[in-house]
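Participant: Structure below; questions to follow.
The values are calculated or read from the model by the stated rules, or taken from the named source; none is laboratory data. Remember, it's a predicted structure, so these values are computed and weren't measured experimentally. All Cβ positions, glycine included, derive from the backbone under ideal geometry; neighbour counts span all protein chains shown.
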């Protein structure tokens with residue numbers, strides 16, 4: 001699929017930077033990975049419990065010693081109510097404090113009291129308990145005898161509070177010891193639980209993602225809908241002799257939604273869903289991976305009908321014998337996976353879903369019918385699919401009235417669901433930084449530029465550098481405007497972004513799945529337009545065309561070696577195949593063609609590039625006035641859009657030389 005074309009004037013990373021330019025540093029981020037291991041939440045909890053327990057125990061011991069000291073020094077006598085009443089009559093009560101039915105006081109003179117056991121106690125501090133319903137005459141008597149008395153609120157919960165304060169520290173201590181012993185026993189059990197499956201189980205009554213949350217991959221979704229329907233109503237297919245597919249392999253580039261589709265199957269199937277990553281099977285101990293495979297499939301069979309999802313299966317399912325760095329543990333895990341998938345009872349409704357973006361490296365035994373019966377390709381979405389994805393991700397984002405999701409979908413060719421979700425998030429963050437109430441079209445356009453090109457950089461460039469950059473980008477734009485089979489120019493800017501000092505942006509009208517020779521040749525001319533403009537307008541060349549030359553060389557070499565677009569070499573493919581032993585001592589480095597053919601290939605690539613450069617120089621020389629106007633507008637406004645470019649073409653008369661579709 002055709003990605004959005006961007007030609008840029010860039011700094012040469014091998015040369016000293018231009019005045020005021022900034023480059024990303026190569027220093028390591030010491031704060032990110034340095035230092036020792038961080039404390040986990042469990043260790044922090046244990047430390048907090050220890051501190052609390054120590055404080056409570058210390059406070060409890062302090063209270064115990066304080067109470068014992070107070071009880072040893074206190075000399076309070078327990079007297080009957082009649083004795084108290086008699087002492088009041090004798091004017092021997094100095095003060096009195098009531099607290100509920102309890103009362104304590106101080107006598108003017110000490111008395112001796114005999115208790116029920118015959119013991120005697122002498123003192124002037126006393127305690128007694130009032131009558132059940134109180135004594136209505138007591139208050140008048142105390143006032144008459146001029147006794148100082150007061151009252152405190154009754155503390156009915158003293159007993160409960162004391163019990164809590166006395167028992168709570170011991171409960172915490174016992175709980176802490178229980179936690180320590182349980183963790184110790186659990187760590188001992190983990191030694192013998194390596195072979196247990198670590199799959200995440202999603203039960204049938206907890207659907208999260210459904211097929212309504214998936215867009216842009218309708219073909220893949222339809223294949224999985226049939227699998228879900230089979231799990232729900234297997235008799236519908238079995239009545240005609242159909243058998244349940246053993247496995248479904250989801251294949252596609254990163255970010256296209258393979259894992260999202262698997263989660264949607266879990267939400268739609270209403271059956272237990274076992275999810276596990278391919279890397280979780282392999283451990284240091286030999287045999288652990290195979291044991292986990294057996295345990296995973298045993299759980300799935302007991303819960304059938306069920307679904308097993310293995311994400312990034314290439315971590316465990318790579319082809320055996322393709323590398324000298326063999327891994328016995330991984331191969332044993334793969335062998336056990338092959339046995340389990342082939343050993344299913346045909347009556348057990350267990351389906352294996354797997355996802356990978358490297359299907360060419362999977363073992364052939366894993367891909368044969370009977371194991372992974374279906375291969376579902378999850379491709380990059382077209383503009384209609386991107387529009388549907390944008391609608392889903394922008395559902396909870398307030399959009400301004402000027403937002404055109406259709407234009408955004410057409411302006412993002414080659415982007416997958418993850419890219420579009422990131423685009424909406426960047427636009428929302430930009431609107432929030434500007435204190436806007438809704439996300440505008442400008443926010444989306446600037447966020448798209450930031451993702452594709454990079455953020456703006458405040459560089460201070462000299463007039464000579466700005467002049468070179470303006471003519472360079474003007475050359476890209478003008479060669480694109482004067483040719484057929486070129487995507488429309490949407491914007492030209494000399495504002496530094498990322499590694500580029502200037503950018504010319506082309507946006508295709510529709511997604512491309514096939515490229516003609518005319519289109520590729522036009523791409524070469526447009527890419528070399530910047531270097532040609534430097535030669536025509538300035539008289540000397542600079543290092544700013546490095547990225548352009550790399551793209552031109554790559555396209556021209558593929559035209560010759562892969563696509564048979566050279567009359568001298570004919571319709572033969574000379575593309576080199578990947579050496580499986582590359583980077584090792586067994587790498588051959590040999591080609592499938594001779595050195596003479598390699599020299600011819602180089603000559604043809606050089607011929608095509610020279611032709612494209614001559615074509616670019618001729619176009620710009622014939623329309624030098626238009627090139628000067630575009631460069632002047634760039635120096636004045638820094639950014640020129642498609643409308644302004646068209647006005648310049650009309651004013652300078654270059655519109656007559658443009659393709660009929662542009663006029």
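Participant: How many residues are within 38 Å of the chain's Cα centre (by Cα) and buried (at least 21 other Cβ atoms within 10 Å of the Cβ) if we restrict to the stretch 525-554?
Facilitator: Final tally of qualifying residues: 6.
Participant: Has the stretch 353-362 got at least one residue that is touching a strand residue (DSSP E or B) at 6+ places or on another chain (Cβ under 7 Å), over 25 Å from residue 228 (Cβ atoms), in contact (Cβ under 8 Å) with a residue 24 or more places away in the chain and in the same structural domain as residue 250 (by TED's automatic domain parsing)?
Facilitator: Within the stretch 353-362, one or more residues are touching a strand residue (DSSP E or B) at 6+ places or on another chain (Cβ under 7 Å), over 25 Å from residue 228 (Cβ atoms), in contact (Cβ under 8 Å) with a residue 24 or more places away in the chain and in the same structural domain as residue 250 (by TED's automatic domain parsing).
Participant: Take residue 451 and tell me if it is under 24 Å from residue 634 (Cβ atoms) and assigned to a helix (DSSP H, G or I).
Facilitator: yes
Participant: Now, a different point. Based on what the data block shows, is residue 424 touching a helix residue (DSSP H, G or I) at 6+ places or on another chain (Cβ under 9 Å) and either surrounded by 19 or more Cβ atoms within 10 Å (Cβ to Cβ) or not assigned by TED's automatic domain parsing to the domain that holds residue 509 (or both)?
Facilitator: It is true that residue 424 is touching a helix residue (DSSP H, G or I) at 6+ places or on another chain (Cβ under 9 Å) and either surrounded by 19 or more Cβ atoms within 10 Å (Cβ to Cβ) or not assigned by TED's automatic domain parsing to the domain that holds residue 509 (or both).
Participant: Right, here's the next one. Please work out if residue 661 is at pLDDT below 90 and farther than 20 Å from residue 494 by Cα.
Facilitator: Answer is yes for this residue.
Participant: Turning to a different aspect of this structure: Determine whether the stretch 407-415 contains at least one residue that is closer than 28 Å to residue 306 by Cβ and buried (at least 22 other Cβ atoms within 10 Å of the Cβ).
Facilitator: no
Participant: In addition: Residues in the stretch 510-533: is at least one farther than 25 Å from residue 484 by Cβ and at pLDDT 90 or above? Even if it seems obvious, please write down each step before you answer.
Facilitator: Keep residues of the stretch 510-533 that are farther than 25 Å from residue 484 by Cβ, which gives none.
No: zero hits.
Participant: While we're looking at this one, here's another question. Tally time: how many residues in the stretch 241-254 are crowded, with 18+ Cβ neighbours inside 10 Å and either farther than 17 Å from residue 225 by Cβ or at pLDDT 85 or above (or both)?
Facilitator: Going through the stretch 241-254 one residue at a time, the tally reaches 7.
Participant: Is it the case that the stretch 121-128 has a residue that's part of a strand (DSSP E or B) and either out of contact with any strand residue (DSSP E or B) (no Cβ under 7 Å at 6 or more places or on another chain) or more than 24 Å from residue 151 (Cβ to Cβ) (or both)?
Facilitator: yes
Participant: Only residues that are over 36 Å from the mean Cα position of the chain (by Cα) and either closer than 14 Å to residue 452 by Cβ or in a helix (DSSP H, G or I) (or both): list them for the stretch 493-518, please. It would help to see each step written out before you state the result.
Facilitator: Filtering the stretch 493-518 down to residues over 36 Å from the mean Cα position of the chain (by Cα) leaves 516-518.
Selection gives 517, 518.
Participant: Let me ask something else. For the stretch 215-269, give me each residue that is part of a loop (DSSP other than H, G, I, E, B), more than 29 Å from residue 414 (Cα to Cα) and touching a helix residue (DSSP H, G or I) at 6+ places or on another chain (Cβ under 7 Å).
Facilitator: 244, 245, 246
Participant: Of all residues in the stretch 618-627, which are touching a residue at least 24 places away in the same chain (Cβ under 8 Å), surrounded by fewer than 20 Cβ atoms within 10 Å (Cβ to Cβ) and either in contact with a helix residue (DSSP H, G or I) (Cβ under 7 Å, 6 or more places away or on another chain) or within 21 Å of residue 549 (Cα to Cα) (or both)? Explain how you work it out, then say what you get.
Facilitator: Of the residues in the stretch 618-627, the ones touching a residue at least 24 places away in the same chain (Cβ under 8 Å) are 619-627.
Now narrow it down to the ones that are surrounded by fewer than 20 Cβ atoms within 10 Å (Cβ to Cβ): 621-622, 624-625.
Result: 621, 624, 625.
Participant: Given (1) farther than 30 Å from residue 332 by Cβ; (2) part of a helix (DSSP H, G or I), where does residue 365 come up short, assuming only one miss?
Facilitator: Tallying (1) farther than 30 Å from residue 332 by Cβ; (2) part of a helix (DSSP H, G or I), residue 365 fails exactly one: (1).
Participant: From the residues in the stretch 81-106 that are at pLDDT below 85 and more than 13 Å from residue 142 (Cα to Cα), which one is surrounded by the fewest Cβ atoms within 10 Å (Cβ to Cβ)?
Facilitator: 82
Participant: Give the residues of the stretch 380-391 that are touching a helix residue (DSSP H, G or I) at 6+ places or on another chain (Cβ under 8 Å) and either buried (at least 16 other Cβ atoms within 10 Å of the Cβ) or outside any helix (DSSP H, G or I) (or both), sorted by residue number.
Facilitator: 381, 383, 385, 386, 387, 389, 390
Participant: I've got another one for you. Quick one: which of 122, 42, 73 is surrounded by fewer than 11 Cβ atoms within 10 Å (Cβ to Cβ) and at pLDDT 80 or above?
Facilitator: From the options 122, 42, 73, the qualifying one is 122.
Participant: Which one of 521, 567 is part of a loop (DSSP other than H, G, I, E, B) and not assigned by TED's automatic domain parsing to the domain that holds residue 446?
Facilitator: Testing whether each residue is part of a loop (DSSP other than H, G, I, E, B) and not assigned by TED's automatic domain parsing to the domain that holds residue 446 leaves just 567.
Participant: Moving to a separate point now. Any residue at all in the stretch 502-517 that's outside the structural domain of residue 446 (by TED's automatic domain parsing) and closer than 14 Å to residue 619 by Cβ? Lay out the reasoning, then the answer.
Facilitator: Initial filter on the stretch 502-517 (outside the structural domain of residue 446 (by TED's automatic domain parsing)): 502-517.
Cutting the leftovers down to closer than 14 Å to residue 619 by Cβ gives us none.
Within the stretch 502-517 (the criterion being outside the structural domain of residue 446 (by TED's automatic domain parsing) and closer than 14 Å to residue 619 by Cβ), the answer is no, since none of the residues qualifies.
Participant: Quick one: residue 496 ticks every box in (1) within 30 Å of residue 517 (Cα to Cα); (2) in contact (Cβ under 8 Å) with a residue 24 or more places away in the chain bar one, so which box is it?
Facilitator: Failed condition: (1).
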